[in-house]
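Here's the structure we're looking at; comments come further down.
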Amino acid sequence: MIDEANALSVTVTLHGSTHAVVRVGGELDIATGLLLHHQLAAQVTSGRTHLVIDLSGVPFMDSSGLNTILRTDRETRAAGGGLVLAGAGPQVRRLLELTGVDLTIPLVDDADAALADAGTARSEPGAPAPGR
């Protein structure tokens, strides 16, 4: 059962037709990892293959959360896109670095920086965004 204080929250902000920022809140663990994967997979299936996952609201992540990120990375790459992780706090960042995830998936300080790098920070809703 999911503790309501640590329940998962997911907010998606679209940036053009192929880019999205997915803001995650709450603990990312065995109870919530699959729920997040369903949300992320829905984005990829809908053509948003360039995803920024904003982890600034995630105080804790275990191997289930890590697996969700790795699966999503494979799925976005297979669809011709990519994944960027943003805003990871110290504990989550440490897990990403200890496991070597930071060697294959870019880690940035915030989602706005990731979007600016992709050239989509000022895109109009529904407008095609440039590839990354």
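Summed over region 30-53, the residues that are of a type outside the set (S, T, N, Q), crowded, with 18+ Cβ neighbours inside 10 Å and in a helix (DSSP H, G or I) give a count of 5.
So that you can scan it fast, the table gives a plain yes or no per residue for (1) at pLDDT below 95; (2) assigned to a loop (DSSP other than H, G, I, E, B); (3) among the basic types (Lys, Arg):
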| residue | (1), (2), (3) |
| --- | --- |
| ILE69 | no, no, no |
| ASP73 | no, no, no |
| ALA88 | no, yes, no |
| LEU115 | yes, no, no |
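Tallying residues that are over 11 Å from the mean Cα position of the chain (by Cα) and touching a residue at least 40 places away in the same chain (Cβ under 8 Å) within region 28-58 yields 2. Does THR11 satisfy the criteria of being over 20 Å from ASP109 (Cα atoms), at pLDDT 95 or above and either surrounded by fewer than 22 Cβ atoms within 10 Å (Cβ to Cβ) or of a type in the set (Ser, Thr, Tyr) (or both)? Taking the combined requirement at face value, the residue does not satisfy it.
The values are calculated or read from the model by the stated rules, or taken from the named source; none is laboratory data. Since we're looking at a predicted model, the values are computed, not measured. Because the Cβ atoms are built from the backbone with ideal geometry, glycine has one as well, and the counts that use them run over all protein chains shown.
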